[in-house]
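The values are calculated or read from the model by the stated rules, or taken from the named source; none is laboratory data. Keep in mind the model is a prediction, meaning the values are calculated, not measured. A quick note on method: Cβ atoms are made from the backbone with ideal geometry, for glycine too, and the neighbour counts reach across all protein chains shown.
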Amino acid sequence: MDAHLSTLPVIAYLGNRRETEVEVHPVDLGGGAGEVPCFECGGSGDWTEFHPEPWLFPDGIKCITCKGTGKVLVSI
């Protein structure tokens with residue numbers, strides 16, 4: 001099955017209590033899984049720009065949420 005864009009937006013619930021709603025357009029991977037850009041790093045996979053001392057990490061810091069891939073899975 002080829003991955004394709006979802007025709008309708010999906011609401012992802014984020015946060016510790018799942019109270020923050022974010023509208024996303026996932027890539028349908030089949031089986032109820034959808035792939036979206038990482039919510040933490042914005043899809044770059046690099047968390048260095050958010051660190052208070054980025055000059056300490058010349059090679060960058062991988063985003064913990066997406067493991068540096070820039071993509072996360074959501075249920076659709």
### Task
Kindly list, by first and then second residue, each pair from a residue in the stretch 16-33 that is at negative phi to a residue that is charged (D, E, K, R), limited to pairs with Cβ atoms under 8 Å and residues at least 6 apart or on different chains.
PRO26/GLU35; VAL27/GLU35; LEU29/GLU35
### Message
Conditions first: (1) of a type in the set (Phe, Trp, Tyr); (2) surrounded by 14 or more Cβ atoms within 10 Å (Cβ to Cβ); (3) out of contact with any Cys (no Cβ under 7 Å at 6 or more places or on another chain). TRP55 passes all but one, so which condition is the exception?
### Response
(2)
#### Entry: Matching residues in the stretch 40-72 - criterion: being in a strand (DSSP E or B) and within 21 Å of ILE11 (Cα to Cα)
LYS71, VAL72
### Query
ILE76 fails exactly one of the following numbered conditions: (1) without any contact (Cβ under 8 Å) to a residue 24 or more places away in the chain; (2) crowded, with 16+ Cβ neighbours inside 10 Å. What is the number of that condition?
(1)
### Query
Scanning for something within 11 Å of the chain's Cα centre (by Cα) and in contact (Cβ under 8 Å) with a residue 40 or more places away in the chain, does the stretch 45-66 turn up at least one residue?
no
### Task
Considering each residue of the stretch 1-39, count those that are among the small types (Gly, Ala, Ser), at pLDDT below 90 and not in a loop (DSSP other than H, G, I, E, B), and give that number.
1
